[in-house]
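Undergrad: Got a structure for you, questions after.
The values are calculated or read from the model by the stated rules, or taken from the named source; none is laboratory data. As the structure is a prediction and not an experimental result, all values here were calculated from the model. FYI the Cβ positions are ideal-geometry reconstructions off the backbone, even for glycines, and counts take in every protein chain you see.
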Amino acid sequence: MTSDIPLTPTIPIAPADFKSGFVALLGRPNVGKSTLMNQLVGQKIAITSPVAQTTRNRLRGIFTNERSQIIFVDTPGIHKPHHELGKILVKNARSTVGAVDLVVFIVDGSVPLGKGDRFIADFLTKTQASVILGVNKIDQRPENKPHILQSYQDLASENHWQLQEFSALQGDRLHSLENALISSLEPGPYYYPPDLVTDQPERFIMAELIREQILLHTRQEVPHSVAIAIEQVKESPEITEVRAAINVERSSQKGILIGKKGSMLKTIGTAARQQIQKLIAGKVYLELFVKVQPKWRQSRASLAELGYSLDES
C-alpha cells in the first residue's frame, strides 16, 4: 500500500543568497538565554525560571525565514561548578563555542559589567569565534544610570565586537538582532525542514516542562537536585498518557515535592500537564511520582542514566 504522506519531512534546496549557520547563546546563569531562544524561534522549547542555572542541556532551537535558517544552541550558564553535574555542564558549554559559526554573548543590561561577564569575555578572546555582544533586559535598566550601557560599549569596543541591545522578555529590538545575525552568517543550505523549531525529541521537552514547574513552585527548597525521567508515553486519538519519575537526592526533598496530602505534586502536575498539552496540541494525562537517588549529581553513572553526559563533539 502506498501513501501520499512522506515518511520524512522535506528539506528544500536553498537559493543562492540563503544564509544559514549555528549560533551559540552564551552567558552567565539567568541572563535570559532561554527566553531569547524561545522568542526567536516563536515557540517555547527551552524552560525558564527565576532560579539560576536552569538550562542543563545544549538545546537546539531552529529559526527559519525566507532569507535564512539559524540553529541556536542554548547553553548552560557558565559558572564555577560545585559538583560533577556542574563540571559537565560548564565543559559542554565551552565545547559548544568551537563548533558554531557565531556566538551571541548575552549579558544582563540592567546591571553593570561584572566579574562573571569578564570571565566569559576573556574566554571568548582566546577562541576563534565571531561574537555579538547581546545586551539583554534593557526594559529593566534604570534611566539615570548611563554608565551601565557604557560598561558594555567599552567591552565591545576593546574586543571589536558588534553590540546589540534588546529585551528578550518583551521582544523589543529583536528584529535588529535577527538582521545582525543573518548579516554575520555565510551563505549555506537548509539544515532542517523549515517548519521544525527544535531537533530535540518530544520526551525531552516534556521532561523539561515538568522540571520547569518544579523550579517555579519550589524555588530554593529543591533547587537543582532534581532530574526527570519520562518512563512511558502512550498515545491514542483521544489522549496522550505520560508517566514520569522525579528523581531527587534526599528524602526531605521528596517530602517537599509531594507536599501535604500530595498538594504540591498535584500543583506541579496540573501546571506541567497544561504546558505539555500546548506542546503536543492535544489532551494529556500526566502521572508523576518521586524517587530518591542519593548524590545522583556526583555520580557519572547516574548522570549518564538521566541523560547528562560529557559532550565529546
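Conditions tested, residue by residue: (1) exposed (fewer than 14 other Cβ atoms within 10 Å of the Cβ); (2) under 19 Å from PHE72 (Cα atoms).
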position	(1), (2)
SER157	yes, no
GLU165	no, yes
SER176	yes, yes
MET206	no, no
GLU212	no, no
HIS217	no, no
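Undergrad: Can I ask one more? With respect to VAL90, determine if the residue is in the same structural domain as LEU149 (by TED's automatic domain parsing), surrounded by fewer than 20 Cβ atoms within 10 Å (Cβ to Cβ) and at pLDDT below 70.
TA: Details: in the same structural domain as LEU149 (by TED's automatic domain parsing): yes; surrounded by fewer than 20 Cβ atoms within 10 Å (Cβ to Cβ): yes; at pLDDT below 70: yes.
Judged against the criteria, VAL90 is a match.
Undergrad: Let me ask another. Do any helices (runs of 4 or more DSSP H) entirely within the range 162-261 hold 2 or more residues that are more than 29 Å from ILE132 (Cα to Cα), and if so, which?
TA: Hits in the range 162-261: 202-218, 251-258.
Undergrad: Continuing with this model, one more query. For THR55, only one of the following conditions fails: (1) assigned to a strand (DSSP E or B); (2) within 22 Å of ASP117 (Cβ to Cβ); (3) at pLDDT below 85. What is its number?
TA: Checking THR55 against (1) assigned to a strand (DSSP E or B); (2) within 22 Å of ASP117 (Cβ to Cβ); (3) at pLDDT below 85, the one that fails is (1).
Undergrad: Return the pair list, or none, for Cβ contacts closer than 6 Å from residues in the range 242-256 that are outside the structural domain of MET206 (by TED's automatic domain parsing) and basic (Lys, Arg) to residues that are crowded, with 19+ Cβ neighbours inside 10 Å and not in a strand (DSSP E or B), at least 6 apart or on different chains.
TA: Note: no pairs meet the criteria.
Undergrad: Report the residue count in the range 244-277 for those that are surrounded by 13 or more Cβ atoms within 10 Å (Cβ to Cβ) and within 28 Å of THR198 (Cβ to Cβ).
TA: 17
Undergrad: Tell me, please, whether a residue that is assigned to a helix (DSSP H, G or I), modelled with pLDDT under 90, aliphatic (A, V, I, L, M) and touching a strand residue (DSSP E or B) at 6+ places or on another chain (Cβ under 7 Å) can be found in the range 18-38.
TA: Yes: one or more hits.
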